[in-house]
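Asker: Below you'll find the structure I mean.
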Amino acid sequence: MHRHPTAVGLRLALLGWLLLSASHAAAAEKASEGKARIRILATGGTIAGAQTRQEDSAYKAGALDVEQLIAAVPSLKQLASLGGEQVANIGSQDMNDAVWLKLARRINALLATPDVDGIVVTHGTDTMEETAYFLNLVIRSDKPVVLVGAMRPATALGADGPANLYNAVAVATHPGARGRGVLVVMNDEVHAARNVIKTNTTNVKSFESPNRGAAGLVHTGKVTWFEPVDTKHTHRSELSLEKVEKLPRVDILYAHANMSADLLEAAVKSGARGLVIAGVGNGNMSQQALEVLARAVKQGVAVVRSTRLMSGLVLRNSEVDDDKLGFVASGELNPAKSRVLLQLALTRTKDPAQLQRYFQEY
Ligand code: ASP
């Protein structure tokens, strides 16, 4: 027989539930007493992704919110006193200038207060290297900022998100992270934002720093540091978002055999203020492309030669006469990172010599 619960029974159940949540909250508060105060800012990505069937490769990025991500790793409370905020909930293929500006401004505001010791940003892996480098250039603090993601959705067999998040929070609380610039934590490794790139479409071992190697290792939350980067970043960066409402348009064009120059012309006509060439080899491209770009420079468009290769430097005046043509050589920066730096540098100058200095120093 179905019985209606009495009013007294309901009140007792509610009281029990309240006492239980109060004791959980008290236990959580006790666990994080005296710990570093870390804010987790969530932006979406596969780390927050969910499948409908575990055996499918199909999934939706950005399906879980920040509270669900934190709740999935209860031991985080032993590392830090945590707060979560949802800044966006997108696959990082949809990352854009508007979210970058919002995220950077929020991080700057949080780190300027004495109540926050470090930031962890959960992010999709596709454009993580770009967001990390963007923040590296515009965050005005030496407090730790760590980006983290996952190659497998949260519902997958062997999901890597929870361990990555645990390690990211551990890195953000580590005194050695201070002043190192923005960091990326994936697969038990710590990488400097400037150096790191995604190298594999699906494997959990995807993030590497091909020219310089990792910034450190982190295993079950225990951190070992390697050499810090010597380029300018965060608290030593002269680039900033003060007075910047919109970032200039910069396009990337990919060089290849039989490269025509039509797309370069179309980019200039469509209003690009800067062009980055993912060049062949040491930032090379067809003669036709060089001629169109030389004309673009004369019209006030900035041109950066980068490379479609994974490692090595793009050197000035090697096979291309950069001095004569007014081009910039990207040095260590790949096309995606060159685009980020050029967007920010163009808010300060259009002078090729000054732009080249940014590429050397940042
Ligand atoms: N497309 C996803 C994203 O970048 C991939 C990932 O997070 O691993 O949001």
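The values are calculated or read from the model by the stated rules, or taken from the named source; none is laboratory data. Nothing here was measured: the structure is a model prediction, and the numbers come from that model. Here the Cβ positions follow ideal geometry from the backbone for every residue, glycine too, while neighbour counts run over all protein chains shown. Accessible surface is based on the protein model in full, side chains and every heavy atom, while ligands, DNA and RNA are left aside. Shrake-Rupley method; radii C 1.70, N 1.55, O 1.52, S 1.80 Å.
Asker: Can you tell me which residue within segment 73-95, out of those that are open to solvent by 40 Å² or more (accessible area, probe 1.4 Å) and within 13 Å of the ligand (Cβ to nearest atom), is farthest from Pro248 (Cα to Cα)?
Answerer: Residue satisfying both the conditions and the ranking: Asn89.
Asker: I'm told Arg212 meets every condition in (1) open to solvent by less than 20 Å² (accessible area, probe 1.4 Å); (2) part of a loop (DSSP other than H, G, I, E, B) except one. Can you identify the failing condition by its number?
Answerer: (1)
Asker: All but one of (1) open to solvent by 10 Å² or more (accessible area, probe 1.4 Å); (2) farther than 20 Å from Phe134 by Cα hold for Phe327, so report the exception by its number.
Answerer: (1)
Asker: I'm told Ala353 meets every condition in (1) outside any helix (DSSP H, G or I); (2) open to solvent by 50 Å² or more (accessible area, probe 1.4 Å) except one. Can you identify the failing condition by its number?
Answerer: With (1) outside any helix (DSSP H, G or I); (2) open to solvent by 50 Å² or more (accessible area, probe 1.4 Å) applied to Ala353, the lone miss is (1).
Asker: Return the residues of segment 105-137 that are part of a helix (DSSP H, G or I) and either within 10 Å of the chain's Cα centre (by Cα) or farther than 21 Å from Arg37 by Cβ (or both); say none if nothing qualifies.
Answerer: Residues of segment 105-137 that are part of a helix (DSSP H, G or I), as a first pass: 105-112, 128-137.
Those that are part of a helix (DSSP H, G or I) and either within 10 Å of the chain's Cα centre (by Cα) or farther than 21 Å from Arg37 by Cβ (or both): Met128, Glu129, Glu130, Thr131, Ala132, Tyr133, Phe134, Leu135, Asn136, Leu137.
Asker: Only one of (1) at pLDDT below 95; (2) open to solvent by less than 60 Å² (accessible area, probe 1.4 Å) fails for Pro228. Which number is that?
Answerer: (2)
Asker: Of the residues Leu341, Leu309, which single one is open to solvent by 70 Å² or more (accessible area, probe 1.4 Å) and either on the phi < 0 side of the Ramachandran plot or touching a residue at least 12 places away in the same chain (Cβ under 8 Å) (or both)? Give the steps one after another, and end with the answer.
Answerer: Working: Leu341 fails: open to solvent by 70 Å² or more (accessible area, probe 1.4 Å).
Answer to the selection: Leu309.
Asker: Picking from Thr113, Thr127, Thr131, Thr122, which residue would you name as being more than 15 Å from the ligand (Cβ to nearest atom) and polar (S, T, N, Q)? Spell out the reasoning first.
Answerer: On the way: Thr127 fails: more than 15 Å from the ligand (Cβ to nearest atom); Thr131 fails: more than 15 Å from the ligand (Cβ to nearest atom); Thr122 fails: more than 15 Å from the ligand (Cβ to nearest atom).
None of the other options fit; the residue is Thr113.
Asker: Criterion first (over 16 Å from the mean Cα position of the chain (by Cα), farther than 20 Å from Trp100 by Cβ, modelled with pLDDT of 95 or more and among the acidic types (Asp, Glu)) does Asp160 satisfy it?
Answerer: Working: over 16 Å from the mean Cα position of the chain (by Cα): yes; farther than 20 Å from Trp100 by Cβ: yes; modelled with pLDDT of 95 or more: yes; among the acidic types (Asp, Glu): yes.
Considered against the rule, which asks whether it is over 16 Å from the mean Cα position of the chain (by Cα), farther than 20 Å from Trp100 by Cβ, modelled with pLDDT of 95 or more and among the acidic types (Asp, Glu), Asp160 comes out as yes.
Asker: Now for a separate question. Which condition does Gly149 not pass, out of (1) surrounded by 24 or more Cβ atoms within 10 Å (Cβ to Cβ); (2) more than 16 Å from the ligand (Cβ to nearest atom), if it passes all the others?
Answerer: Of everything listed in (1) surrounded by 24 or more Cβ atoms within 10 Å (Cβ to Cβ); (2) more than 16 Å from the ligand (Cβ to nearest atom), Gly149 misses just condition (2).
Asker: A further question on this structure: Go through segment 167-191 and report how many residues are within 13 Å of Phe226 (Cβ to Cβ) and open to solvent by 10 Å² or more (accessible area, probe 1.4 Å).
Answerer: Adding up the residues that qualify gives 3.
Asker: Within segment 45-69, how many residues are within 12 Å of the ligand (Cβ to nearest atom), in a helix (DSSP H, G or I) and either open to solvent by 50 Å² or more (accessible area, probe 1.4 Å) or among the aromatic types (Phe, Trp, Tyr) (or both)?
Answerer: Residues in segment 45-69 being within 12 Å of the ligand (Cβ to nearest atom), in a helix (DSSP H, G or I) and either open to solvent by 50 Å² or more (accessible area, probe 1.4 Å) or among the aromatic types (Phe, Trp, Tyr) (or both): 0 in total.
Asker: Taking interchain pairs and intrachain pairs at least six residues apart, which have beta carbon atoms under 9 angstrom, with the first residue in segment 68-92 and within 16 Å of Ile47 (Cβ to Cβ) and the second assigned to a helix (DSSP H, G or I) and hydroxyl-bearing (Ser, Thr, Tyr)?
Answerer: Pairs found: Val73/Tyr166; Leu76/Tyr166; Gly91/Thr46; Ser92/Thr46; Ser92/Thr131.
Asker: Could you say which residue among Asn195, Asn164 is open to solvent by less than 10 Å² (accessible area, probe 1.4 Å) and not basic (Lys, Arg)? First the steps, then the outcome.
Answerer: Values: Asn195 fails: open to solvent by less than 10 Å² (accessible area, probe 1.4 Å).
Checking each option against the conditions leaves just Asn164.
Asker: How many residues does segment 138-157 contain that are in a strand (DSSP E or B) and over 16 Å from the mean Cα position of the chain (by Cα)?
Answerer: 0
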